Amino acid sequence: MVGSSPLQAVLVAPGVKDTKVLAFERRDALKDKDAASGLLRAVLAANPAQRTAFYAFDLARVVDLYWAWRRALAGVRPCYAVKCNPDPAMLGALAALGAGFDCASRTEIEAVLALGVRPRDIVYANPCKPEPHLEYAAEVGVNLATYDSEEEVAKVKRCHPNCELLLRLKGPDGGDARVDLGTKYGAHADEVVPLLRAAQRAGVTVAGVSFHVGSGANNLAVYRGAIEAARAAFDAAAALGMPPMRVLDIGGGFVSGPTFDEAAAVINDALAQHFGDLPCVEVIGEPGRYFAETAFTLAARVIGKRTRGEVREYWIDDGLYGSLNCIIMDHYVPTPRPLAAPRPGEKTHTSTVFGPTCDSLDTVVTGYQLPEMSVGDWLVFDNMGAYTTGAGSNFNGFATSDIKIYVVYSS
Ligand SMILES: *Cc1c(COP(=O)(O)O)cnc(C)c1O
């Protein structure tokens, strides 16, 4: 870490230092019903010309979450999954704190290297990589990547022979995750030995094992099963006479809050049980949602209104083709509220909120209770950091990248 405090280190980090960071005192937020609204109001007060949807990104939240991770999972280095939210201030702050990175494409690797991160702090964690991206990884010295097919071994041998591999295992079933990844990725139990053999025959080093139990896993016992399966793969490699494996990558799936502490307890216990006799194994994780989800709050502006009897219909300037794509892609359940403080005795109306594009699918909530709002009012969406801006489109000329992200630091 650079600098004398986490705050300083983060404020001078590449990706952050050229951004205006608005300092915000949390006790000011106490005047508001909730801290997130307080942050948004502070941003608007400092930027009165802001008339379109915007984000407040609280760097302090990332710092807090980083230290919470280090406390709960002291032996596991977090390698932030860039796809979750590639905001440069996010990447720069995490790099300054000491995190590594999980990149899945050339562009993600470039973004992280541009911030001064060393290639060896990057894991190229996409089990199926386009050849030009793999050749780029070879060029810049990103030498650790995941695989779960024999074809990938042949490709790595061809395009990046010095690359070491992590065998991606399918996570156990029953994780009850928000987004299951096991339908697409991960070796099944009976594929482990053939995949190890394929690498052995090709002369490609298998440095270890990775898995991902699914994003937003609710049944935390899956971490235990996955760590047990990872140990079995370590033992299978040893039985084949392969060089000892040295990396265990426990993937992502974490949600901040009490669930995270429970997951950490399960993981620590399973690591002690299954890897206690291998103290030299480096354990890393690939959290995305954990760091990003709660650090970003969205304010969308009411740009239109229709009254139909008792029912109110509103149009806002972000929607399902923009950063609220998370409603479809990430099963985000929107519970927007007005930024304006509630007036005493205020009535609510059954309301529909539409996004700005001309597609009727672009509907954010229906049958939702909201107080009477006017054009120019703001709606607040909490926990909008994970799988939001990164997957938005330019559909109908509404560019997700136009949604400004204000970086704040609450203390
Ligand atoms: C998406 C992804 C992650 C991040 O997952 P979260 O659930 O956001 O923590 C980590 N690793 C890989 C390989 C992924 O595809």
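The values are calculated or read from the model by the stated rules, or taken from the named source; none is laboratory data. Everything numeric here is computed off the predicted structure, so don't read it as measured data. Ideal geometry is used to build each Cβ from the backbone, glycine not excepted, and the neighbour counts take in all protein chains shown. To get the accessible areas, we keep the full protein, side chains included, count just its heavy atoms, and leave off ligands, DNA and RNA. Shrake-Rupley method; radii C 1.70, N 1.55, O 1.52, S 1.80 Å.
Results, tabulated for the structure shown:
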read-out	value
Failed item, numbered, when Arg51 is tested on (1) open to solvent by 60 Å² or more (accessible area, probe 1.4 Å); (2) more than 18 Å from Thr297 (Cα to Cα); (3) touching a strand residue (DSSP E or B) at 6+ places or on another chain (Cβ under 8 Å)	(2)
Set Val353, Val375: member being within 24 Å of Ala341 (Cβ to Cβ) and surrounded by fewer than 16 Cβ atoms within 10 Å (Cβ to Cβ)	Val375
Selection count, the stretch 19-36, where residues are out of contact with any strand residue (DSSP E or B) (no Cβ under 6 Å at 6 or more places or on another chain) and either at pLDDT below 90 or not in a loop (DSSP other than H, G, I, E, B) (or both)	10
The stretch 199-242, subset hydrophobic (A, V, I, L, M, F, W, C) and in contact with a Ser or Thr (Cβ under 9 Å, 6 or more places away or on another chain), residue farthest from the ligand (Cβ to nearest atom)	Met242
Candidates Tyr368, Tyr387 - the one that is within 16 Å of the ligand (Cβ to nearest atom) and in the same structural domain as Arg51 (by TED's automatic domain parsing)	Tyr387
Single unsatisfied condition, Arg71 versus (1) more than 27 Å from Leu324 (Cα to Cα); (2) touching a residue at least 40 places away in the same chain (Cβ under 8 Å)	(2)
Test: residue in the stretch 74-85 that is under 30 Å from Val153 (Cβ atoms), open to solvent by 30 Å² or more (accessible area, probe 1.4 Å) and within 15 Å of the ligand (Cβ to nearest atom)	yes
Residue within the stretch 253-260 that is over 20 Å from Ala154 (Cβ atoms), in contact with a strand residue (DSSP E or B) (Cβ under 8 Å, 6 or more places away or on another chain) and among the hydroxyl-bearing types (Ser, Thr, Tyr) present	no
Residue in the stretch 297-315 that is within 16 Å of the ligand (Cβ to nearest atom) and open to solvent by less than 20 Å² (accessible area, probe 1.4 Å) present	no
Tally of residues being more than 16 Å from the ligand (Cβ to nearest atom) and either charged (D, E, K, R) or within 14 Å of Ala189 (Cβ to Cβ) (or both) across the stretch 243-255	1
